[in-house]
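What follows is one structure encoded as structure tokens, with my remarks underneath.
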Amino acid sequence: MDTGLLIQVILSGLSVGAIYALVAVGFGVIFNATGAINFVQGEYVMVGGLSAAMLYEAWDVPVLVAIVAAVAVTVLLGVLTEFGLLGFGRLRTPASITIATIAIAVIVKGSAMLISDRDTYALPSVLGTDSLQVLGASTSRQTVLNLLLAVAAVAALTLFFQCTKLGTTLRAAAGDSETLQTFGVSYRTTARWAFVIAAALGALAGAGLAPLTVMSFDSGTLLGLKGFAAAMLGGLGNPRGALAGGLLLGIAEAVMSGYGAAAYADVVAFVVLLAILTLRPTGMFGTARAVRT
Amino acid sequence: MRKKISTLLTCSVLLALSACGLGSSGSDTDSDDTIKIGTLFSVSGAGANLGDKMRKGAELAVKQVNADGGIDGKKIDWVFYDPAGDTSTAVQQTNRMLDSDGVELVVGGGGSSGIALAMDPITSGRGVAFIATEGARQIVEPAAEAHPLTFKTTFNDTVMVERLIAFWKANGITRVAFMPDTSSFGQSAQEELERLAPEAGIKVFTAAFDPAANDLTPQVKRLAGNDPQAYLAWTITPAGVTFLKNIRSVIGERDVMVMHGFGFVDDRYMEQAGAASTGTILVSPKLPVWDQIDASDPQQPVMEDFATAYAEEYGGEQPNVYAGQAYDAMMVAVAALRATGGDTDGEKIADAIEGLGTHVGVTGAFKFTADDHSGLTVDDVAVIQWDGSRFLPVE
């Protein structure tokens with residue numbers, strides 16, 4: 001057994017898995033607040049990565065400045081998404097919101113295509129181009145940063161949901177938004193905060209992904225679906241589950257690339273998604289929500 | 001953006017003026033004064049970037065021909081559709097072009113081999129000639145038996161693979177790690193390489209990757225175990241940038257040849273890979289090094305005129321090989337139409353194309369025959385190297 005290859009497969013899986021995890025956490029945040037699946041989540045990653053790379057190239061600003069600006073742009077898009085979905089007062093059921101997010105995702109992608117003039121854009125890593133040697137394998141330093149980012153995001157969100165008033169409100173909204181509204185908490189306000197958080201997470205994922213590849217208007221869609229699979233794998237709405245789901249999915253894909261047929265690496269995510277939906281819809285770490293009727 | 005709008009305005013004003021001026025022929029564009037050529041390129045959807053370059057190449061050809069007085073006095077009336085990379089949309093649009101729009105000749109197959117392959121039975125079924133700009137050799141092979149009316153202005157991957165093998169033999173390379181993507185572009189090249197390389201005494205180790213992959217280190221690491229002298233990727237997607245970065249990361253400073261196929265010849269991709277792309281060797285049409293090849297090459301002035309006119313038309317933008325292929329396809333159609341005296345009958349056009357002799361284009365010196373509807377040979381292939389800022393020819 002070639003241990004170098006094994007380590008390489010694991011590193012590759014963690015590198016891509018960290019991005020999946022960040023996307024998966026975003027799905028969970030929106031699900032908790034609205035009960036809907038937000039298919040714009042993948043496009044947040046695209047907008048975050050693409051706008052950071054475009055700003056970097058156009059303005060020649062430091063990478064960090066470009067990233068901060070890109071997060072701001074994406075958060076604004078998150079607020080607009082919420083307005084587009086709930087601002088007209090017609091959509092209230094999770095199913096209708098979910099379907100509307102698909103429409104918004106298409107609009108965002110189309111706009112990005114026109115704004116970027118169909119070009120690809122690159123963003124250098126804040127940590128430089130040197131690679132990191134680990135036990136006979138190698139990875140970029142960006143991988144470590146992405147992993148730290150994913151872990152920090154999950155820890156921060158867990159704390160936020162458990163220990164802050166807004167976090168508690170968001171959790172309560174997930175549990176029973178109607179009762180919460182009788183206490184004078186606006187459904188719109190909680191939803192808007194959820195979209196702000198989800199968009200920021202997406203933008204960070206995009207900024208973390210861009211140095212590993214290049215970004216184009218087309219970078220987000222498939223990533224969104226894989227992030228969704230990761231979220232389902234870990235249990236939708238559970239940040240720690242999302243982290244585990246993302247990393248596991250990344251490693252499963254890397255194993256396919258390294259040992260099996262790469263042609264099927266992409267299929268892994270969707271086989272996992274199907275299996276989870278059929279066998280254990282609450283995910284590995286999720287618990288079924290008790291519903292009183 | 002402003003330039004685009006002003007171009008649009010200019011065009012529409014010119015159109016309005018010409019319609020008024022002609023007067024007698026009325027506003028009906030399907031008259032004897034024009035020849036309707038239909039084109040499909042995916043300027044939106046996944047391959048939008050390449051589709052946009054192809055559209056510009058074809059558009060430039062149409063503008064040049066019309067500015068020169070057209071074909072025996074007939075202007076080209078250009079009908080354009082965007083199938084957005086979707087084959088079923090492309091099929092509908094092809095039908096509409098031929099049934100409702102009165103298109104007499106089709107140039108450009110949607111920017112993807114899958115679309116071109118689906119369009120071919122439709123155009124052939126109506127006896128219309130079709131000049132594709134897509135890569136797969138199946139679009140035109142076997143020419144005489146199955147595709148008498150269909151041509152293409154791109155290289156067959158067989159030709160590229162033959163050139164590669166000659167290059168490896170000349171450089172003493174016998175062990176090659178091959179990384180095609182899982183699209184038909186990559187898989188078709190894999191078939192040809194695994195068929196032709198063993199005969200030449202070259203061992204090929206293959207690990208495919210998904211075109212949407214963001215990390216290829218597992219494949220590179222696995223191939224590195226075979227101690228190859230060269231790594232060759234075959235893709236048109238941004239994953240090729242990841243390939244370059246990952247190679248440098250995994251094999252470090254070890255002295256190996258890093259190579260890309262002709263689908264990845266693009267300055268922007270090379271620049272985006274940063275330091276990792278320096279020294280990358282590619283098989284390519286000669287266009288990227290048009291200003292550095294022997295001036296006695298008959299292709300040189302054609303490429304120079306094209307590059308100059310393209311940059312002038314599109315705000316200083318440099319054309320890439322995709323723009324060149326589309327320009328060639330339109331110009332081959334025009335040359336054939338001149339030969340038939342404007343007759344658009346499919347069989348007459350096909351005979352005319354096969355009778356062109358040598359058509360010196362941007363992509364190569366095309367020699368179409370009844371059995372070869374691609375027309376390009378290894379002599380048209382250049383081996384080029386990215387030196388960190390531009391492509392240079394490799395001896």
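In the stretch B:37-53, what residues are within 8 Å of chain A (Cβ to nearest Cβ), among the aliphatic types (A, V, I, L, M) and not in a loop (DSSP other than H, G, I, E, B)? Across the stretch B:37-53, the qualifying residue is only B:Ala48.
Across the stretch B:211-259, what is the number of residues that are among the hydroxyl-bearing types (Ser, Thr, Tyr), facing chain A (nearest Cβ under 7 Å) and touching a strand residue (DSSP E or B) at 6+ places or on another chain (Cβ under 6 Å)?
Step one: filter the stretch B:211-259 for residues among the hydroxyl-bearing types (Ser, Thr, Tyr), giving B:217, B:231, B:235, B:237, B:242, B:249.
Pick out the ones that are also facing chain A (nearest Cβ under 7 Å) and you get B:217, B:242, B:249.
Checking the rest, the ones that are also touching a strand residue (DSSP E or B) at 6+ places or on another chain (Cβ under 6 Å) come to B:249.
Result for the stretch B:211-259: 1.
Residue pairs whose Cβ atoms lie under 8 Å apart, separated by 6 or more positions or on different chains, with the first residue in the stretch B:364-378 and among the charged types (D, E, K, R) and the second in a loop (DSSP other than H, G, I, E, B), are B:Lys367/B:Gly357; B:Lys367/B:Thr358; B:Lys367/B:Gly375; B:Lys367/B:Thr377; B:Asp371/B:Pro142.
Can you tell me which of A:Gly234, A:Gly220, A:Gly258, A:Gly184 is more than 14 Å from every other protein chain (Cβ to nearest Cβ) and touching a Lys or Arg at 6+ places or on another chain (Cβ under 8 Å)?
Details: A:Gly220 fails: more than 14 Å from every other protein chain (Cβ to nearest Cβ); A:Gly258 fails: more than 14 Å from every other protein chain (Cβ to nearest Cβ); A:Gly184 fails: touching a Lys or Arg at 6+ places or on another chain (Cβ under 8 Å).
None of the other options fit; the residue is A:Gly234.
Can you tell me which residue among B:Gly127, B:Gly102, B:Gly135, B:Gly114 is assigned by TED's automatic domain parsing to the domain that holds B:Ser44 and not in a loop (DSSP other than H, G, I, E, B)? Before you say what the answer is, go through the steps one by one.
Details: B:Gly127 fails: not in a loop (DSSP other than H, G, I, E, B); B:Gly102 fails: not in a loop (DSSP other than H, G, I, E, B); B:Gly135 fails: not in a loop (DSSP other than H, G, I, E, B).
Just one listed residue meets the conditions, B:Gly114.
B:Gly316 falls short on exactly one of the conditions (1) over 20 Å from B:Lys53 (Cβ atoms); (2) free of Cβ contacts under 8 Å to residues at least 12 places away in the same chain, and that condition is (1). Scanning the stretch B:360-390 for residues being among the acidic types (Asp, Glu) and either surrounded by 24 or more Cβ atoms within 10 Å (Cβ to Cβ) or touching a strand residue (DSSP E or B) at 6+ places or on another chain (Cβ under 8 Å) (or both) gives a total of 2. Taken as a whole, the condition of being touching a strand residue (DSSP E or B) at 6+ places or on another chain (Cβ under 6 Å) and either farther than 26 Å from B:Ser113 by Cα or more than 10 Å from every other protein chain (Cβ to nearest Cβ) (or both) applies to B:Lys286. Here B:Pro319 passes the criteria (1) of a type outside the set (Lys, Arg); (2) more than 14 Å from chain A (Cβ to nearest Cβ); (3) within 24 Å of B:Lys245 (Cα to Cα); (4) in contact with a Gly (Cβ under 7 Å, 6 or more places away or on another chain) except the one numbered (3). Go through the stretch B:158-196 and count every residue that is in a helix (DSSP H, G or I) and not acidic (Asp, Glu). Final tally of qualifying residues: 22. Could you list all residues from the stretch B:188-240 that are among the aliphatic types (A, V, I, L, M) and under 22 Å from B:Ser113 (Cα atoms)? Matches in the stretch B:188-240: B:Ala189, B:Leu193, B:Ala208, B:Ala212, B:Ala213, B:Leu232, B:Ala233, B:Ile236, B:Ala239.
Of everything in the stretch A:123-155 that's exposed (fewer than 13 other Cβ atoms within 10 Å of the Cβ) and under 19 Å from the mean Cα position of the chain (by Cα), which residue is nearest to the other protein chains (Cβ to nearest Cβ)? Give the steps one after another, and end with the answer.
Keep residues of the stretch A:123-155 that are exposed (fewer than 13 other Cβ atoms within 10 Å of the Cβ), which gives A:128, A:130, A:133, A:135, A:148, A:152.
Checking the rest, the ones that are also under 19 Å from the mean Cα position of the chain (by Cα) come to A:148, A:152.
Numbers: A:Leu148: 17, A:Ala152: 21 Å.
Per the stated criteria, the residue is A:Leu148.
In the stretch B:215-240, what count of residues is obtained for those that are among the β-branched types (Val, Ile, Thr) and over 24 Å from the mean Cα position of the chain (by Cα)? Quick ask: steps written out before the conclusion?
Here is the first cut: in the stretch B:215-240, the ones among the β-branched types (Val, Ile, Thr) are B:217, B:220, B:235-237.
Subset that is over 24 Å from the mean Cα position of the chain (by Cα): B:217, B:220.
Of the residues in that region, 2 qualify.
Every condition in (1) assigned to a loop (DSSP other than H, G, I, E, B); (2) over 22 Å from the mean Cα position of the chain (by Cα) holds for B:Phe155 except the one numbered (2).
Take B:Gly315 and decide whether it is at pLDDT below 95, within 22 Å of A:Asp119 (Cβ to Cβ), over 20 Å from the mean Cα position of the chain (by Cα) and surrounded by fewer than 14 Cβ atoms within 10 Å (Cβ to Cβ). Answer is yes for this residue. Taking the numbered list (1) among the acidic types (Asp, Glu); (2) within 14 Å of another protein chain (Cβ to nearest Cβ); (3) in a helix (DSSP H, G or I) in turn, A:Asp119 passes all entries but (3). Of all residues in the stretch B:72-91, those satisfying the criterion of being out of contact with any strand residue (DSSP E or B) (no Cβ under 6 Å at 6 or more places or on another chain) and among the aliphatic types (A, V, I, L, M) are B:Ala84, B:Val91.
Of the helices (runs of 4 or more DSSP H) entirely within the stretch A:1-114, those holding at least 2 residues that are within 14 Å of another protein chain (Cβ to nearest Cβ) and of a type in the set (A, V, I, L, M) occupy A:3-34, A:41-59. When B:Thr29 is tested against (1) assigned to a loop (DSSP other than H, G, I, E, B); (2) farther than 30 Å from B:Ser183 by Cβ; (3) at pLDDT 50 or above, just one condition goes unmet, and that condition is (3).
From the list B:Lys56, B:Lys63, exactly one residue is within 14 Å of another protein chain (Cβ to nearest Cβ) and at pLDDT 95 or above. Which is it?
Numbers: B:Lys63 fails: within 14 Å of another protein chain (Cβ to nearest Cβ).
Only one candidate qualifies: B:Lys56.
For the stretch B:51-87, the set of residues classified as surrounded by fewer than 24 Cβ atoms within 10 Å (Cβ to Cβ), touching a helix residue (DSSP H, G or I) at 6+ places or on another chain (Cβ under 6 Å) and more than 25 Å from B:Gly346 (Cβ to Cβ) consists of B:Lys56, B:Leu60, listed by residue number.
Considering the stretch B:167-186, and only residues there that are surrounded by fewer than 17 Cβ atoms within 10 Å (Cβ to Cβ) and touching a strand residue (DSSP E or B) at 6+ places or on another chain (Cβ under 9 Å), the residue that is nearest to A:Gly224 (Cα to Cα) turns out to be B:Arg175.
Of all residues in the stretch B:226-247, those satisfying the criterion of being surrounded by fewer than 21 Cβ atoms within 10 Å (Cβ to Cβ) and either in contact with a Ser or Thr (Cβ under 9 Å, 6 or more places away or on another chain) or on the phi > 0 side of the Ramachandran plot (or both) are B:Asp227, B:Gln229.
Hey, does the stretch B:155-172 have a residue that's assigned by TED's automatic domain parsing to the domain that holds B:Leu287 and within 29 Å of A:Gln133 (Cβ to Cβ)? Scanning the stretch B:155-172, I find no residue that is assigned by TED's automatic domain parsing to the domain that holds B:Leu287 and within 29 Å of A:Gln133 (Cβ to Cβ), so the answer is no. Search the stretch B:187-210 for residues being under 21 Å from the mean Cα position of the chain (by Cα) and within 13 Å of another protein chain (Cβ to nearest Cβ), and hand back the single one that is farthest from B:Val383 (Cα to Cα). Top of the filtered list is B:Gln187.
The values are calculated or read from the model by the stated rules, or taken from the named source; none is laboratory data. Note that the structure is a prediction, hence the values are computed from the model and not measured. Ideal geometry is used to build each Cβ from the backbone, glycine not excepted, and the neighbour counts take in all protein chains shown.
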